[in-house]
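Input: a single structure, listed below in structure tokens.
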Amino acid sequence: MQLKDVEKIFADLYHFGIRYVFLAGGEPLLRPDLTEVMQALADIGFSTELVTNGILLDEEMINAVTGVKNSQIVVSLDSLRSELYEVIRGVNQLDKVILGIKTLANVSHARKYPARINMTVNSLNYREIDSMIQFCNFLKLQFSAYPYNSAGRGRFMSDDSLLSLNRQRDKIAEAFNALSKKCAQEKCIFGFSSVYEKISDFVRGEYIGPCGAGRDHLVVGPEGDVSVCEEFAPFGCLKENAIHEIYKPEKWVEQVKLCYTNSPCFLGCSRVLTLMKSRPAKFAWDLLSSRKLPEYFFHLR
């Protein structure tokens, strides 16, 4: 999509009721006009979250993105060990990523800008959660963790036997359970104790309820194709039709139910939103008891 397409499509989505945009990939920093896109979204009224692998995160880019109102940067970092980082990510770029993260931390403190490290926990790196928390505490950055997702449909998620939760399911579940208990004490841990408890249940193979695909979130591709989830084929193109013309939940509600019943996933914030809506009082208590209300203000706007 060109910038003019973004402005038109997302103005329509804002009118439809959407207020929060995750910019992810692939790698969004590969887009030359990324900051212009983010500024256009901010001008419409959106809060945005940029999710990057951090390889292209230099000082110039950080200064440009942090200047966009109601934005946040999240860096995906799965290991602090070079050899394991390369196994997981397929490239040996950890030193460059760490340098970018340290620059981000400095800018974040100077501008009081929300920045976070997110760890995708798998069978190889689950022992590093505590080290990652210490790293984030040292840099005064927020930390969050979600489980590695795999599925056999071959669209967004694919099975990787090396990373699969199946290899260490009980230990990974216990690691998330421990993270749930630390959540209220460690100020840097972003998220709710209840969420990490649910992730532990998910890892153990327990049913954690319906997901919000097509109800709480939509996925818009780089050419304007829109789907209810990364795992589903597009149901239309927003360059050709307004969202209200093609948004027909009755067409996919049963397929979504079949998906989360037979092959559930835990795709980060989209799952969290659905959990929060299902138990608002519980999450309100988590928030108040954690004494982290200022850190969450960005997400509650």
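The values are calculated or read from the model by the stated rules, or taken from the named source; none is laboratory data. All values reported here derive from a predicted model rather than from experimental measurement. When we count neighbours, we look across all protein chains shown, and the Cβ atoms used for this are built from the backbone with ideal geometry, even at glycine. In case anyone asks, the SASA skips ligands and DNA or RNA and just uses the protein heavy atoms, side chains included. Shrake-Rupley method; radii C 1.70, N 1.55, O 1.52, S 1.80 Å.
Only one of the numbered conditions (1) out of contact with any Cys (no Cβ under 7 Å at 6 or more places or on another chain); (2) crowded, with 19+ Cβ neighbours inside 10 Å; (3) modelled with pLDDT under 95 is violated by ASN149, and that is (1). Considering (1) under 20 Å from the mean Cα position of the chain (by Cα); (2) under 21 Å from PRO280 (Cα atoms); (3) in a helix (DSSP H, G or I), the lone condition that TYR146 does not fulfil carries the number (3).
Report yes if ILE9 is more than 21 Å from the chain's Cα centre (by Cα), surrounded by 18 or more Cβ atoms within 10 Å (Cβ to Cβ) and either in a loop (DSSP other than H, G, I, E, B) or not charged (D, E, K, R) (or both), otherwise no. Yes: the conditions hold for ILE9.
May I ask you to verify whether ALA184 is within 27 Å of LEU139 (Cα to Cα) and assigned to a helix (DSSP H, G or I)? Give the derivation first.
Working: within 27 Å of LEU139 (Cα to Cα): yes; assigned to a helix (DSSP H, G or I): no.
The answer is no for ALA184.
Pairs please, first residue from the range 125-140 and assigned to a helix (DSSP H, G or I) and of a type in the set (D, E, K, R), second anywhere and open to solvent by 30 Å² or more (accessible area, probe 1.4 Å) and modelled with pLDDT of 95 or more, Cβ atoms under 9 Å, 6+ apart in sequence or on different chains. These pairs meet every condition: ARG127/LYS171; GLU128/LEU80; GLU128/ARG81; ASP130/ALA178.
With open to solvent by less than 60 Å² (accessible area, probe 1.4 Å) and free of Cβ contacts under 8 Å to residues at least 12 places away in the same chain as the only criterion, which of GLY17, GLY54, GLY45 stands out?
On the way: GLY54 fails: free of Cβ contacts under 8 Å to residues at least 12 places away in the same chain; GLY45 fails: free of Cβ contacts under 8 Å to residues at least 12 places away in the same chain.
Of the residues listed, the single one that is open to solvent by less than 60 Å² (accessible area, probe 1.4 Å) and free of Cβ contacts under 8 Å to residues at least 12 places away in the same chain is GLY17.
Conditions tested, residue by residue: (1) among the acidic types (Asp, Glu); (2) at pLDDT below 95; (3) surrounded by fewer than 19 Cβ atoms within 10 Å (Cβ to Cβ); (4) out of contact with any Cys (no Cβ under 6 Å at 6 or more places or on another chain).
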| residue | (1), (2), (3), (4) |
| --- | --- |
| ILE199 | no, yes, no, yes |
| VAL220 | no, no, no, yes |
| GLY224 | no, no, yes, no |
| GLU240 | yes, no, yes, yes |
| LEU273 | no, yes, yes, yes |
| SER278 | no, yes, yes, yes |
| LYS292 | no, yes, no, yes |
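Restricting the range 70-88 to residues that are of a type in the set (A, V, I, L, M, F, W, C) and open to solvent by less than 10 Å² (accessible area, probe 1.4 Å) leaves a set whose member that is farthest from the chain's Cα centre (by Cα) is LEU77.
Taking the criterion of being charged (D, E, K, R) and either over 17 Å from the mean Cα position of the chain (by Cα) or at pLDDT below 80 (or both), the residues of the range 254-271 that qualify are GLU254, LYS257. The residues listed here are SER82, SER76; of these, the one that is hydroxyl-bearing (Ser, Thr, Tyr) and under 28 Å from CYS229 (Cβ atoms) is SER76.
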